[in-house]
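Trainee: Have a look at this one.
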Amino acid sequence: MNIQHMKYAVEIARTGSINKASRRLLVAQPNLSRSVKDLEASLGIKIFDRSPQGMVLTPAGEEFIGYATRILSQLEEVENLYKDGLPVRNRLSVSLSRASYVAEALVNFTRRMDQSPVEIFYLEGNSRMVVQNVTAGDSDLGIVRYALNYEMYYRAYLEEKGLVGRVIGDFNYVCVMSDKNPLAHREVLREEDLRDYIEIADADPYVPSISVEQVRKKQDIKGITRHIYVADRASQFELLSNNPQTFVFVSPLPKDILNRYHLVQREVPFKNDTYRDILIYSKYHDLKPFENIFIEELEKARNASMNH
């Protein structure tokens, strides 16, 4: 198997087009097509299907590209390690489904760093993006959130992708709103209390093998007719802080975030599903000391947010 052909295949998968990959790699399209055919022949699998939308990975191709991406990433790390005698850089790359305690863990983690060279990559998105990033090797660690009744879907999905899942913690959602919201004085909220207010919700509550509409239907609260779907966590906080008519169901927030945005959180017994956050990484990835420090801060921040 040719490493150069592997690089070509990864770039085609990344761009979804031989034409785009050709321009980025500065390699003629016929040469790229030939390299893919040679690679497929040597592996005995079909990596791509051609479609009007471009080059689409087959199931076998998706699995191969995941392995190839990790191999190329490791080769690059080895090259950088010994290139020009440069010092070894600690690297932390995390993708996550929006969770405020994780941001707090990152802050505490950075306070523990010494003067050694370091690179940190911190990406927020939906669960699909997190799994894709870790599978492709773009992120070493991922944090995924799901309702426990979807446990079998996620466990099967992670196993299929060659990923390990480590439980960070379970929780029940609380309702967060501005401290100027008329309901802010109540310690416990009923479902009917929220019907005249505006719910802020994730734009993409993704669950493997289940449509977004099915997930939203299950999560919707009866009687609430106004929704704002927002993917960005900072925008959610701005809306909550500046519009007392809005609220959001989230995992318990750290106290300093509540104070910073003038928010309160209240119990919602009617929303009784238990949710789980798990740390995911490739089964071939050995956790480094640098990553274990972050995981330690992650678990501390999670416990603090659940118990304050």
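Trainee: What pairs can you find where one residue is in the stretch 174-198 and assigned to a strand (DSSP E or B), the other is basic (Lys, Arg) and open to solvent by 80 Å² or more (accessible area, probe 1.4 Å), and their Cβ atoms are less than 9 Å apart, with a gap of 6+ or different chains?
Mentor: Taking only residues 6 or more apart or on different chains, the pairs are Ile198/Arg226.
Trainee: Right, another one. Check the stretch 187-194 and report whether any residue there is at pLDDT 90 or above, in contact with a helix residue (DSSP H, G or I) (Cβ under 7 Å, 6 or more places away or on another chain), open to solvent by 20 Å² or more (accessible area, probe 1.4 Å) and more than 30 Å from Val10 (Cβ to Cβ).
Mentor: The answer is no, given that none of the residues of the stretch 187-194 is at pLDDT 90 or above, in contact with a helix residue (DSSP H, G or I) (Cβ under 7 Å, 6 or more places away or on another chain), open to solvent by 20 Å² or more (accessible area, probe 1.4 Å) and more than 30 Å from Val10 (Cβ to Cβ).
Trainee: Sticking with this structure for a sec: Of the residues that sit in the stretch 31-63 and are of a type in the set (Ser, Thr, Tyr) and at pLDDT 85 or above, which one is farthest from Gln4 (Cα to Cα)?
Mentor: Thr58
Trainee: Quick one: how many residues across the stretch 108-144 are over 18 Å from the mean Cα position of the chain (by Cα), within 17 Å of Leu298 (Cα to Cα) and outside any loop (DSSP other than H, G, I, E, B)?
Mentor: 4
Trainee: Whether any residue in the stretch 7-30 is at pLDDT 85 or above and within 30 Å of Asn259 (Cβ to Cβ) is what I want to check.
Mentor: No, the stretch 7-30 has no match at all.
Trainee: Consider Ser235 against the criteria (1) surrounded by fewer than 16 Cβ atoms within 10 Å (Cβ to Cβ); (2) modelled with pLDDT of 90 or more: it satisfies all of them except one. Which criterion is unmet?
Mentor: Evaluating Ser235 over (1) surrounded by fewer than 16 Cβ atoms within 10 Å (Cβ to Cβ); (2) modelled with pLDDT of 90 or more leaves (2) as the failure.
Trainee: Does the stretch 64-102 hold any residues that are in contact with a strand residue (DSSP E or B) (Cβ under 8 Å, 6 or more places away or on another chain), modelled with pLDDT of 70 or more and over 16 Å from Asp138 (Cβ atoms), and which are they?
Mentor: Hits for the stretch 64-102 are Asn90, Arg98, Ala99, Ser100, Val102.
Trainee: Then there is this: Going through Gly169, Gly162 one at a time, which residue ends up being within 11 Å of Tyr281 (Cα to Cα) and not aromatic (Phe, Trp, Tyr)?
Mentor: Within the list Gly169, Gly162, the selection yields Gly162.
Trainee: Could you check the stretch 1-48 and list, in sequence order, the residues that are among the charged types (D, E, K, R) and touching a helix residue (DSSP H, G or I) at 6+ places or on another chain (Cβ under 8 Å)?
Mentor: Lys7, Glu11, Arg14, Arg24, Asp38, Lys46
Trainee: Could you identify the single residue in Phe249, Phe290, Phe294 that is under 19 Å from the mean Cα position of the chain (by Cα), within 28 Å of Glu119 (Cβ to Cβ) and open to solvent by less than 50 Å² (accessible area, probe 1.4 Å)?
Mentor: After applying the criteria, what remains is Phe294.
Trainee: Consider Lys217 against the criteria (1) at pLDDT below 85; (2) surrounded by 13 or more Cβ atoms within 10 Å (Cβ to Cβ); (3) basic (Lys, Arg): it satisfies all of them except one. Which criterion is unmet?
Mentor: (2)
Trainee: Take the conditions surrounded by 16 or more Cβ atoms within 10 Å (Cβ to Cβ), modelled with pLDDT of 85 or more and under 18 Å from Arg302 (Cβ atoms) and apply them to Ala147. Does it pass?
Mentor: Yes: the conditions hold for Ala147.
Trainee: Further question on the same structure: Can Met113 be described as surrounded by 13 or more Cβ atoms within 10 Å (Cβ to Cβ), modelled with pLDDT under 85, more than 23 Å from Phe249 (Cβ to Cβ) and hydrophobic (A, V, I, L, M, F, W, C)?
Mentor: yes
The values are calculated or read from the model by the stated rules, or taken from the named source; none is laboratory data. Here the structure is a predicted model, which means the values were calculated and not measured. Cβ: placed from backbone, ideal geometry, glycine included. Neighbour counts: every protein chain shown. These area figures cover heavy atoms from the full protein model, side chains too; ligands, DNA and RNA do not enter into them. Shrake-Rupley method; radii C 1.70, N 1.55, O 1.52, S 1.80 Å.
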